[in-house]
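The values are calculated or read from the model by the stated rules, or taken from the named source; none is laboratory data. As the structure is a computational prediction, the values presented were derived from the model and not from experiment. Here the Cβ is made from the backbone with ideal geometry for all residues, glycine too, and neighbour counts use every protein chain on show. Calculation scope for accessible area: heavy atoms of the full protein, side chains included, ligands and nucleic acids excluded. Shrake-Rupley method; radii C 1.70, N 1.55, O 1.52, S 1.80 Å.
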Amino acid sequence: PMSNAYQCEYCGHAASTIQSLTGSTCQRHPAGPGRGEHKLYEGPVASRYACKYCGQSYTSLQSLTGSTCQRHPDGPGRGRHAPALRA
């Protein structure tokens with residue numbers, strides 16, 4: 001397998017194995033920074049990633065999850081974009 005083939009759904013962090021990805025804490029975890037582990041992104045590797053709440057797209061998961069979403073279920077700007085599983 002290619003290196004850094006597994007990415008976190010919350011922050012876009014990449015790891016070479018699922019075990020190493022899900023075994024470390026995530027700074028963008030929904031419960032708060034460092035309050036949970038990375039979550040495996042199960043969608044396809046793509047040239048662009050769209051937010052499941054608003055449709056805005058970015059070239060990487062890291063960029064997508066690093067920005068707040070104006071259509072987040074918790075309210076405008078109260079949560080980050082989350083990747084849609086379909087391109």
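Descriptive notes on the structure:
- Scope the stretch 12-25; condition in a loop (DSSP other than H, G, I, E, B), under 13 Å from the mean Cα position of the chain (by Cα) and small (G, A, S); matching residues: G12
- Of all residues in the stretch 41-55, those satisfying the criterion of being in contact with a Ser or Thr (Cβ under 7 Å, 6 or more places away or on another chain) and within 12 Å of A82 (Cβ to Cβ) are Y49, A50.
- Qualifying residue in the stretch 41-49 (condition: assigned to a strand (DSSP E or B) and open to solvent by less than 30 Å² (accessible area, probe 1.4 Å)): yes
- Among residues of the stretch 31-51, those that are among the basic types (K, R) and within 13 Å of Y10 (Cβ to Cβ), counted: 2
- Single unsatisfied condition, E9 versus (1) open to solvent by 40 Å² or more (accessible area, probe 1.4 Å); (2) among the charged types (D, E, K, R); (3) within 17 Å of G79 (Cα to Cα): (1)
- As a summary of the residue check, G75 satisfies the conditions (1) more than 13 Å from Y10 (Cβ to Cβ); (2) assigned to a loop (DSSP other than H, G, I, E, B); (3) open to solvent by 30 Å² or more (accessible area, probe 1.4 Å) except for the one numbered (3).
- Failed condition for A82, given (1) open to solvent by 40 Å² or more (accessible area, probe 1.4 Å); (2) in contact with a helix residue (DSSP H, G or I) (Cβ under 9 Å, 6 or more places away or on another chain); (3) of a type outside the set (D, E): (1)
- Selection count where residues are free of Cβ contacts under 8 Å to residues at least 12 places away in the same chain and open to solvent by less than 20 Å² (accessible area, probe 1.4 Å), scope the stretch 50-72: 0
- Yes/no for R28 being in contact with a Lys or Arg (Cβ under 9 Å, 6 or more places away or on another chain), assigned to a loop (DSSP other than H, G, I, E, B) and basic (K, R): yes
- Hits in the stretch 33-83 (condition: among the hydrophobic types (A, V, I, L, M, F, W, C), modelled with pLDDT under 95 and more than 20 Å from S20 (Cα to Cα)): A46
- Count of the stretch 12-40 residues which are out of contact with any Ser or Thr (no Cβ under 6 Å at 6 or more places or on another chain), farther than 21 Å from T59 by Cα and open to solvent by less than 60 Å² (accessible area, probe 1.4 Å): 6
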